[in-house]
Each structure stands twice: as structure tokens, then as C-alpha cells.
1. Starting with the highest mean, order B:161-173, A:109-121, B:71-83, B:134-146 by the number of other Cβ atoms within 10 Å, averaged over the residues of each peptide.
2. Going by C-beta contacts inside 10 Å, put B:Arg129, A:Arg39, B:Arg95 in order with the fewest on the left.
3. Counting only other chains, what is the mean number of Cβ atoms within 10 angstrom of the Cβ of each residue in peptide B:48-60?
4. Would you list B:Val32, B:Val25 from fewest to most Cβ contacts within 10 Å?
5. Using only the Cα atoms of the range B:7-95, construct the convex hull and provide its projected area averaged over every direction, in square nanometres to one decimal.
6. By counting other Cβ atoms within 10 Å of each Cβ, how are B:Ser7, B:Ser124 ranked from fewest to most?
7. Taking each residue in B:29-36, count the Cβ atoms of any other chain within 10 Å of its Cβ, then average. What number comes out?
Amino acid sequence: MNQAKIDRSAMLDAKIEAILAGEEELIPSSGFLASVMERVQEEAVAPPPIPFPWKQAIPGILATTGVFAWGAVKLFRQGLPALNSPMLPLPHLPAALVVPVEQTGWVALALGVTLLSWLFSRRLAGRGGLL
Amino acid sequence: MNTFHPSAAQELDQADVARVLAGDVAAFEGIVRRWQAPLVNMAWRYSRDRGRAEEMAQEAFLRAWRGLAQWRRESSFSTWLLALAANVYRSELKRFPTQTLPLDAAPEPSGPASQHSELAEKLSGEAVRRAVLALPMRYREPVVLFYFHEMDVAAAAATMGLPEGTLKARLSRARALLRQRFPHLEEEHVNLKFSSQVEGKEAVR
């Protein structure tokens, strides 16, 4: 009985094998070679992709990470006493305390950063041949 | 079936690769000419869609073109190219799977009652091939590559980047799944043979 089952499995396998091994060959269409070569030629003449400028970007990434880390530390330091107090104090910033000079300083800093990033991006674009 | 490369063709491949790497784009044509049939046929076995097979084979050639410098000559060019093509086909089919029925729903071959045994046999063959497409990918790919490589386990395993033992185990499981799906295939085959013999005898009379 068991032997018959094994024989049957072997016969089925042989049949499946014969079917799968006897697959007809497909002939590529006549234009296949030309179309592959056309795409290869296109790739060959295309300018290489602009690599990401890691060298220039690393200082910026480090600076940004530093700013965020500094901010996190500041937040953590300010947050700790607040957590210990029974009630969370509401932020109290009277307008009279805000010094106009300080405001001007922040605006100047923001403008400076914008200018620097604009110059930096122009420089990168110029190197990449885009300008 | 697939005219895989004797040493002369391997030398041609190596020479063409060297020329391409030296900047001769046209030399790639020799590689495409020699390998278009195997790559299209392999893609056909993965997708069973002629148009798509050519698209996938074209993509494989483009990847080969881009990555030609990465062929380290540790393995033969054919092994490298076929493994790269298998990767391309696998990821293409992941992105856009072929429309397949689940294995249980794959049509069973028509019975032995068929008058035209040759046609019935062709249909049962097609049903089995379609059922291979309905296998889970981990079993389908070993079957596709095993028969593509003319039942050479080592070549199929190299193309998949698997140990031979793993490939054999997956093949065995795939066969078991196909046996379950087509339990009457052998009987049909025998009946078909018998009926065609009878038809032949009657024709003689």
C-alpha cells in the first residue's frame, strides 16, 4: 500500500517534471536587441548623476544636530524644576521685559542664516553645472 | 534548451566586458546578442507574459550595463548575469505581481474524455505551468530556475544565491504542493496515451 503510494508520487513527479522540462523556447522579438542598445546608448551619453555633497553638508548637519542637542539640554534643564513643582507655572513674559535690541538681533541672525544658505546652495548648484 | 556557454563564449563575454569597461559602448551589443534569449526566457518563466518578459529582460540588461564594473570575476559572467537578472525579476514581480489564481483555484486539466489527446495534453501542461506561478515565491523561484537551468541544481542554487541543500528542500516542497494540486495527472496522462493509441489504431483500420 505504502509502496504503491510512493510509486504513484514518483510517477506524478515524473509527469510534472516532463511537463516543466518540456517548455518551448521563446524567441525574443526582432527589435529587442535594438531597443536594449538604444537605452544603453541613452544612459551612456547622459551626464552622471550629481553625487550628494557630503563634504559640504556634514558641517551643516553637525551644526543643526548641535543646535537641537543644545535646545534639548536647555529644555530638559528648565523642565526638571517644573516637574518637581506641584503646579505647572504658566509662562509669563510681559512685553515690557522684551528688549527691542534683542529682537533686532534675532531678526539679523535669521536673515544672516538665510543669506548663508542661499549662497551655499548657489555654490553647490554652480559646481553641479546647473548655473 | 538554453545554449549555455562553452568556454569560447565565456571568452567572448570577458572580452566584451573589458571593451565596455574601456569605454566602448557598442561592445555591449555582443553581450545582449548572446544573452537575450536566455534572459527573455527566464523572465518568461517568471511572469508568463511575453511583453512583460521582454521589459524585465531589458531592465536586467540595463542593470548589468550599470553594474558591469562590479563583476569581480570570482564567478563566471553567466552566473553573475543570471543572478542579477533573477534579482531584477524578483523585485519587479514584488512591485507588480502577476495576476495569478491561488494554487487551489488553478484550473485542473480537462479529463481523459477529451477527443483530442494532443490538445488535452497541451492544456494539462499549461495548467501545471500556471500552477507553478501560483506557488509561493520561495517555492516558485527554485522550480522556475531548476527547469530553466535544465535541472542543474548547482546552477539554479548559484543563480538564487542559496545553498544546494536549501534549493533541493524547496524543490521537494514545491513538488509536493503540485502533486496535491494535480492528484490525477498521471492517470490522465496514461488515459490520454491509451486513447491516442486507440485513435491511432482506429485510424489505421
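Derivation of every value follows stated rules applied to the coordinates shown; laboratory data play no part. Note that the coordinates shown come from a computational prediction; the quantities given were computed from them, not determined experimentally. Note that each Cβ is placed from the backbone with ideal geometry, even for glycine, and that neighbours are counted across all protein chains shown.
1. Highest to lowest by the protection proxy: B:134-146, B:71-83, B:161-173, A:109-121.
2. Lowest count first: B:Arg95, A:Arg39, B:Arg129.
3. 2
4. Ordered from fewest to most neighbouring Cβ atoms within 10 Å, B:Val32, B:Val25 come out as B:Val25, B:Val32.
5. Approximately 5.6 nm², given one-decimal rounding.
6. Ordered by Cβ neighbours within 10 Å, fewest first: B:Ser7, B:Ser124.
7. 3
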